[in-house]
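A quick write-up on the structure given underneath.
Each reported figure results from applying straightforward, stated rules to the coordinates on display, with no laboratory input. Since this is a predicted model, take the numbers as computed values, not measurements. Cβ: placed from backbone, ideal geometry, glycine included. Neighbour counts: every protein chain shown.
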Amino acid sequence: MIYTIRTTIGRENMVMAEIENMVKMRGFEIKALIHPEKLKGYVMVEGKESDIREVIHDMRHVKGIIGKPVEIDKIKQFLETKDKELEVHKGDLIEIIGGPFKRERGKITRVGKGEVTVELLEAAVSIPITVTIDSIRIVEKTKESEGVKDE
């Protein structure tokens, strides 16, 4: 069964290390530990409930077990990695959706690994800025990039 342990935010990895040490020293029936990055303050533990309760009893940074066991379907989204990256090309028109240049529009001048260099369209002076691909949204594709996509 998979149980959710509530921890102090930022101490999830410390709690996991302490649980791992207790399992190695005393042989508790705990099979897996995971701390999904999106769930701050929580650690998922697979094992026997009585062993989990005994391991975390009086452990620093642990606030307790949350309710009933969790179904694997409920946490599957935290276990699967997503490598879906936005496909961008030089010349694409974009809008910045995060950071200090939020809501600014620009044209991509260079594409790097995980980031793009953009010239802002409405700036008085053309200054190239580099932003992560996660912080942009494509407004209009260039003819060249549309052609590449269709092949």
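Numerical summary
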| item | result |
| --- | --- |
| Residue that is nearest to I9 (Cα to Cα) [pool: residues in region 48-68 that are of a type in the set (A, V, I, L, M, F, W, C) and outside any helix (DSSP H, G or I)] | V62 |
| Scan of region 4-31 for residues that are within 23 Å of K76 (Cβ to Cβ), touching a residue at least 24 places away in the same chain (Cβ under 8 Å) and within 21 Å of the chain's Cα centre (by Cα), ordered by number | T4, I5, R6, T7, E12, V15, M16 |
| Test: residue in region 70-83 that is in a loop (DSSP other than H, G, I, E, B) and of a type outside the set (D, E) | yes |
| Filter pass, V43 being free of Cβ contacts under 8 Å to residues at least 60 places away in the same chain, assigned to a helix (DSSP H, G or I) and aliphatic (A, V, I, L, M) | no |
| Among the residues listed as V125, V70, V111, the single one being under 21 Å from E29 (Cβ atoms) and of a type in the set (A, V, I, L, M, F, W, C) | V70 |
| In region 99-125, the residues that are of a type in the set (V, I, T) and under 26 Å from the mean Cα position of the chain (by Cα) | I108, V111, V116, T117, V118 |
